[in-house]
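The values are calculated or read from the model by the stated rules, or taken from the named source; none is laboratory data. No experiment lies behind these values; they were computed from the predicted model shown. In this analysis, Cβ positions are derived from the backbone assuming ideal geometry, glycine residues included, and neighbour counts consider all displayed protein chains.
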Amino acid sequence: MSLNGKVALVTGGAQGIGRAVVQSLLQSSAKVVMVDLNKALGEECKAQLDAEFGEGNCTFIECDVANGDALRDAFQSTVGQFGRLDIVINNAGITNEKDWEKTIQVNLTSVIKGTYLALEHMSKEYGKQGGTIINVSSMAAFLHSPHQPVYTATKHGVIGFTRAMADAAIQGDYGVRINALCPAFVDTPLLQSVEDEDNMGKFVKFKDDFKRSMTKFGVLQPSLIAEGMMRLITDTSLHGAVMKITCSKGIHFHTYEPMSA
Ligand SMILES: NC(=O)C1=CN([C@@H]2O[C@H](COP(=O)(O)OP(=O)(O)OC[C@H]3O[C@@H](n4cnc5c(N)ncnc54)[C@H](O)[C@@H]3O)[C@@H](O)[C@H]2O)C=CC1
Ligand SMILES: CCCCCC(=O)/C=C/C=C\C/C=C\C/C=C\CCCC(=O)O
């Protein structure tokens, strides 16, 4: 499906899952803004994407999503440059159990802010044309590990917030679809922090448990997560769905009892 004329903003877009999603969006003819903390990586990524897709289709904005004013500016300059916003992927995330408050800020608070900013630019409530928001959670929200308690809490939070907002979008007639996406282990630099005491703090001692889990359940490629993301973007019947992606079942959806949290 062509996304010709659509404009997407992807946080954490310079690497890993975000980078794969940016690539897929460009392949589908969307204009894409990569928002990322890492300036060197973002600029290098933009240069590669310009070479592959042509200049003017992709922009890099250096921004720490934990800085609310900077995130607001990033949304504003996206609309300033491309004239509209249709797709927002709140993807940036970290695993830092030592600085766990930062983990809550990046993985949960910034996803909430990113969702509210997306609505300001896309919701019918604000006189806009509608759109779609995908918030990246994790299978860690379903199968927790002693190795990353606060990370796990943030990923639970992303699902709860997203489901409640999806209901608000229906009842408030926002014209915006909202989904959560939960990958299992994915082969990105994030996974390498598993053995890093600077990130995992005292929980690093549980790394063998985590690595056993990786061996047992397998490790996915970022391209499959991008495929799931594109399905959520293009299939208008999936509003509110919580997509899971695992090696054993591929792309599938979590089922909830009626009225369950
Ligand atoms: N890799 C994995 O096994 C899994 C990852 N996830 C989630 O997927 C998302 C993406 O993860 P990966 O691609 O694996 O990570 P990654 O570490 O490979 O890439 C994350 C990108 O986000 C950027 N970033 C980090 N903090 C930022 C901030 N404060 N502001 C702006 N940009 C920031 C980084 O510079 C980097 O480019 C995260 O939310 C993560 O929790 C979920 C399940 C599994
Ligand atoms: C260093 C930490 C990086 C954390 C990245 C992350 O979010 C990884 C979490 C992934 C999953 C954690 C828990 C469970 C195992 C994964 C899949 C279960 C699949 C079950 C099945 O049906 O096969």
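Restricting attention to the range 176-224, and to residues there that are of a type in the set (Gly, Ala, Ser) and under 20 Å from Ala20 (Cβ atoms), which single residue is surrounded by the most Cβ atoms within 10 Å (Cβ to Cβ)?
So the residue we want is Ala180.
Among the residues of the range 91-108, which ones are surrounded by fewer than 21 Cβ atoms within 10 Å (Cβ to Cβ), more than 13 Å from the chain's Cα centre (by Cα) and β-branched (Val, Ile, Thr)?
Result: Ile104, single match.
Quick check on Leu190: is it in contact with a Gly (Cβ under 8 Å, 6 or more places away or on another chain), within 29 Å of Ile170 (Cβ to Cβ) and within 12 Å of ligand 1 (Cβ to nearest atom)? Spell out how you get there, then give the answer.
On the way: in contact with a Gly (Cβ under 8 Å, 6 or more places away or on another chain): yes; within 29 Å of Ile170 (Cβ to Cβ): no; within 12 Å of ligand 1 (Cβ to nearest atom): yes.
It is false that Leu190 is in contact with a Gly (Cβ under 8 Å, 6 or more places away or on another chain), within 29 Å of Ile170 (Cβ to Cβ) and within 12 Å of ligand 1 (Cβ to nearest atom).
Just one of Lys98, Lys113 is basic (Lys, Arg), in contact (Cβ under 8 Å) with a residue 24 or more places away in the chain, closer than 21 Å to Ala8 by Cβ and more than 10 Å from ligand 1 (Cβ to nearest atom); which is it? Walk me through it before giving the result.
Working: Lys98 fails: closer than 21 Å to Ala8 by Cβ.
Answer to the selection: Lys113.
Can you confirm whether Ala168 is surrounded by fewer than 19 Cβ atoms within 10 Å (Cβ to Cβ) and at pLDDT 95 or above? Before the answer, list the steps.
On the way: surrounded by fewer than 19 Cβ atoms within 10 Å (Cβ to Cβ): yes; at pLDDT 95 or above: yes.
Answer is yes for this residue.
Select from the range 116-139 the residues that are more than 16 Å from ligand 2 (Cβ to nearest atom) and within 20 Å of Gln15 (Cα to Cα) and list them in ascending order.
First, pick out the residues of the range 116-139 that are more than 16 Å from ligand 2 (Cβ to nearest atom): 116-133.
Answer for the range 116-139, where residues must be more than 16 Å from ligand 2 (Cβ to nearest atom) and within 20 Å of Gln15 (Cα to Cα): just Ile133.
Only residues that are part of a helix (DSSP H, G or I) and among the hydrophobic types (A, V, I, L, M, F, W, C): list them for the range 122-141, please. It would help to see each step written out before you state the result.
First pass over the range 122-141, keeping only residues part of a helix (DSSP H, G or I): 122, 124-126, 139-141.
Met122, Met139, Ala140, Ala141, listed by residue number.
Tally time: how many residues in the range 117-160 are crowded, with 17+ Cβ neighbours inside 10 Å and more than 16 Å from ligand 1 (Cβ to nearest atom)?
7
Any residue at all in the range 74-88 that is assigned to a helix (DSSP H, G or I), within 14 Å of ligand 1 (Cβ to nearest atom), of a type outside the set (Gly, Ala, Ser) and more than 19 Å from Tyr151 (Cα to Cα)?
Our first condition is that a residue be assigned to a helix (DSSP H, G or I); within the range 74-88, this holds for 74-82.
Imposing the further condition that a residue be within 14 Å of ligand 1 (Cβ to nearest atom) reduces the set to 74-75.
With of a type outside the set (Gly, Ala, Ser) added as a condition, the list becomes 75.
Narrowing further to those that are more than 19 Å from Tyr151 (Cα to Cα): 75.
Within the range 74-88, one or more residues are assigned to a helix (DSSP H, G or I), within 14 Å of ligand 1 (Cβ to nearest atom), of a type outside the set (Gly, Ala, Ser) and more than 19 Å from Tyr151 (Cα to Cα).
Cβ-Cβ below 7 Å, separation at least six or inter-chain, first residue in the range 33-61 and closer than 17 Å to Ala92 by Cβ, second hydroxyl-bearing (Ser, Thr, Tyr) and within 14 Å of ligand 1 (Cβ to nearest atom): which pairs?
Short answer, once both residue conditions are applied: Val35/Thr11.
Among (1) out of contact with any helix residue (DSSP H, G or I) (no Cβ under 8 Å at 6 or more places or on another chain); (2) within 21 Å of Gln23 (Cα to Cα); (3) in a strand (DSSP E or B), which single condition is Ile245 missing?
(1)
Name, by its number, the condition in (1) closer than 30 Å to Ala141 by Cβ; (2) in contact with a helix residue (DSSP H, G or I) (Cβ under 7 Å, 6 or more places away or on another chain); (3) among the polar types (S, T, N, Q) that does not hold for Asn57.
Of the numbered conditions (1) closer than 30 Å to Ala141 by Cβ; (2) in contact with a helix residue (DSSP H, G or I) (Cβ under 7 Å, 6 or more places away or on another chain); (3) among the polar types (S, T, N, Q), the odd one out for Asn57 is (1).
With respect to Gln48, is the statement that it is polar (S, T, N, Q), within 23 Å of Leu190 (Cβ to Cβ), more than 19 Å from the chain's Cα centre (by Cα) and modelled with pLDDT of 95 or more true? Step through it out loud before you land on a result.
Numbers: polar (S, T, N, Q): yes; within 23 Å of Leu190 (Cβ to Cβ): yes; more than 19 Å from the chain's Cα centre (by Cα): yes; modelled with pLDDT of 95 or more: yes.
For Gln48, the condition - polar (S, T, N, Q), within 23 Å of Leu190 (Cβ to Cβ), more than 19 Å from the chain's Cα centre (by Cα) and modelled with pLDDT of 95 or more - is met.
Need the failing condition index for Thr109 against (1) of a type in the set (Val, Ile, Thr); (2) in contact with a Lys or Arg (Cβ under 7 Å, 6 or more places away or on another chain); (3) assigned to a helix (DSSP H, G or I), just the number.
(2)
Identify the single condition in (1) touching a residue at least 40 places away in the same chain (Cβ under 8 Å); (2) surrounded by fewer than 16 Cβ atoms within 10 Å (Cβ to Cβ); (3) within 10 Å of ligand 2 (Cβ to nearest atom) that Asp173 does not satisfy, given that it satisfies every other one.
Asp173 satisfies every listed condition except (3).
Residues in the range 210-221: is at least one within 15 Å of ligand 1 (Cβ to nearest atom), at pLDDT below 95 and not in a helix (DSSP H, G or I)?
No, because not a single residue in the range 210-221 is within 15 Å of ligand 1 (Cβ to nearest atom), at pLDDT below 95 and not in a helix (DSSP H, G or I).
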